[in-house]
1. For B:M33, A:M1, give me the order by solvent-accessible area with a 1.4 Å probe, most accessible first, ignoring ligands, DNA and RNA.
2. Report, in listed order, any pair from B:K74/B:K169; A:K273/B:K247; B:K151/B:K193 with a Cα-Cα distance greater than 23 Å.
3. Give the span of the stretch A:3-166's Cα atoms along each principal axis, as three whole-Å numbers ordered largest to smallest.
4. For the cross-link pairs B:K67/B:K109; B:K8/B:K195; A:K185/A:K311; B:K50/B:K87, which exceed 23 Å when the distance is taken from alpha carbon to alpha carbon?
5. If amide hydrogens are placed 1.01 Å from N in the peptide plane, which non-local residues have theirs closer than 5 Å to the one on A:I114?
6. P(r) of chain B in 10 Å steps, Cα pairs, percent per bin?
7. Could you order A:F299, A:F94 so the one with the most accessible surface comes first? Probe is 1.4 Å.
8. In peptide B:116-123, what is the residue-averaged number of other protein chain Cβ atoms found within 10 Å of each Cβ?
Amino acid sequence: MSVLLIAEHSNKELKPFTLNVINAATKIDEDVHVLIMGHNSDPVAKSLSEVSGVKKVIHVDNLIYENYVAENYVPVILKYADKYSHIVSAANTFGKNLMPRVAAKLDISQVSDIIKVISSDTFLRPIYAGNAFATVKSNDPKKCVTVRPTSFEPAPSSGGSAEIEKGDTGEEYSSTKFVKKEEIKSDRPELGTARIVISGGRGLQSGDNFKLITAVADKLNAAIGASRAAVDAGYITNDHQVGQTGKVVVPDLYIAVGISGAIQHLAGMKESKVIVAINKDGEAPIFSIADYGLEADLFEALPQFLEELNKLNTIQK
Amino acid sequence: MKILVAVKRVIDYNVQIRVKEDNSGIVTDNVKMSTNPPDDNAIEEAVRIKESGKAKEIVAITIGEDKAQETVRKALAVGADRGIHVKTEGIVEPLAVSKILKAIVEKEKPDLVFMGKQAIDDDCNQTGQMLAALLNWPQATFASKIEVKDKSLEVTREVDEGLETIEVKIPAIVTCDLRLNEPRYASLPNIMKAKKKPLDQMSATDLGVDTKPRIEQIKVEEPPKRKAGIKVANVAELVNKLKNEAKVI
Ligand SMILES: Cc1cc2nc3c(=O)[nH]c(=O)nc-3n(C[C@H](O)[C@H](O)[C@H](O)COP(=O)(O)OP(=O)(O)OC[C@H]3O[C@@H](n4cnc5c(N)ncnc54)[C@H](O)[C@@H]3O)c2cc1C
Ligand SMILES: Nc1ncnc2c1ncn2[C@@H]1O[C@H](COP(=O)(O)O)[C@@H](O)[C@H]1O
């Protein structure tokens, strides 16, 4: 048995979640090989070879892999699939788009979004927006699995010394063309991996008012999240959405501001270590999962919060 | 152009689901069921394309038990022309659903298949991509904007980094996000009219598809509950707690 893991990266750097998925893969089997497809992506292959737990890196480099076109990735994966008992990737938009296309070609019923490896064929996964956990056993001869990255610690990025094998370019798929990516760049920590997340909901009332959130985020070096309602209303872009149909976050501290706490939102944040809710409605469901609830108008509470945080720092100095 | 839309019947998104006492699954008896929310967006988009004159026919299909027909009827009431119900029992995994859909595509020969990006019961997010693989068609997943061109679609996709645009040649599979459009409600007259629209029924066996699950559901449990927290009186107390009790700032 060995595991073939499909790496997610930017051609320059490994995406941090790949490390979490590598750790999950080592719990399935010790023999973890990582396939990286990219363009001018040597630095990524090299950094992968240094990740603790990686036994081999297969590197395929060609212009057609510059962007994540699943239709181009799949033929390469299929070429290697024979030798592996498991094919694994992250359960984020990268892996969600890619893995089912691999699984169907191999006639395998995929196990999506696992949060625990129970044995090499049995996994725990959330269903119904995380309101139930299912223990599932795959009876297919080979397993295709996507892993919820936030449910596993990242593998140490150093300590390994895997060989890098060059692989051949696969067939190009002509009916899908990448046009463009509007990537939102920011200096703030990434939502998925940030230690602190502060999220705003419909209660913020406008995109402009999100500056109240931004100010606190800057102070705490936090990432900014949002409810679907806030994204739908155009207050903030979709990459900030937390929840069943957005991102899953598990920070040390999650601060929900003007968010009611619909189950679809909770699905993306209820595993956070400490949850704070600021909401003017004392009955809002978010309070039922908050460690610290503040029943207050956010337009008063957020400036005060910033002020108190500023005081703290002066004390610390 | 002909558009096939796959709609799934699921527990309504507003229902607080309950786990069965014997841990064999989720309680579904006497529970409100609805169309899987993004599947409503898929139908809506197809109807808008038809209204713009770019499509001639919309066929709605569901796979499931007898009552799943209601989901097709609802699609007919908002503008689909014809319905198909493939009868199955028990859990049908995305792989089997995609094989059934493939068999239907081969019969119906649509130019496009629209579906939801994710079913909110199993949260699998697989079926569209699997169908695209089986047909060797392009896949435009997580669509929040679709532009119909001459022989292709330009699709804006919601991805972790932001938005991505791809162009796919027709025939193609599109899986829809909730932000794609605002689904309309069915008017009463249209609900009445939908009752007269044709709805074909068949079984998975008729289509030669084996729907036996490959994944055993060993048990379903409630997730661990968070213990209740406290309410703080003011911002100063909150900051104090975060610093000295929780020690997270
Ligand atoms: C299939 C499906 C998937 C979904 N996926 C997601 C998802 O991934 N993520 C997600 O977040 N949602 C998701 N939703 C939507 C979800 O059901 C809720 O509609 C949404 O989370 C509500 O967002 P909200 O809490 O910001 O808005 P509301 O529910 O409108 O809550 C606003 C809150 O702000 C409070 N408030 C207002 N003014 C103030 C003030 N001045 N000071 C303090 N508090 C104030 C109010 O008391 C209220 O509690 C999904 C829905 C469906 C059907
Ligand atoms: N039983 C079904 N009947 C019709 N469509 C389905 C069925 N199961 C899944 N689908 C379609 O596939 C999408 C994704 O489902 P899933 O892969 O289960 O998350 C749904 O939004 C539907 O459009």
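The values are calculated or read from the model by the stated rules, or taken from the named source; none is laboratory data. Keep in mind it's a predicted model, so treat the numbers as computed, not measured. Positions of Cβ are generated from backbone atoms using ideal geometry, with glycine treated the same way; all protein chains shown enter the neighbour counts. In case anyone asks, the SASA skips ligands and DNA or RNA and just uses the protein heavy atoms, side chains included. Shrake-Rupley method; radii C 1.70, N 1.55, O 1.52, S 1.80 Å.
1. From most exposed to least exposed: A:M1, B:M33.
2. B:K74/B:K169; B:K151/B:K193
3. Extents along the principal axes, in whole Å: 42, 33, 28.
4. B:K67/B:K109; A:K185/A:K311; B:K50/B:K87
5. Residues meeting the amide H criterion: A:T146, A:V147, A:R148.
6. Final binned percentages: 7, 28, 31, 18, 9, 6, 1.
7. From most accessible down to least: A:F299, A:F94.
8. If you average over the peptide's residues, the count of other-chain Cβ atoms is 5.
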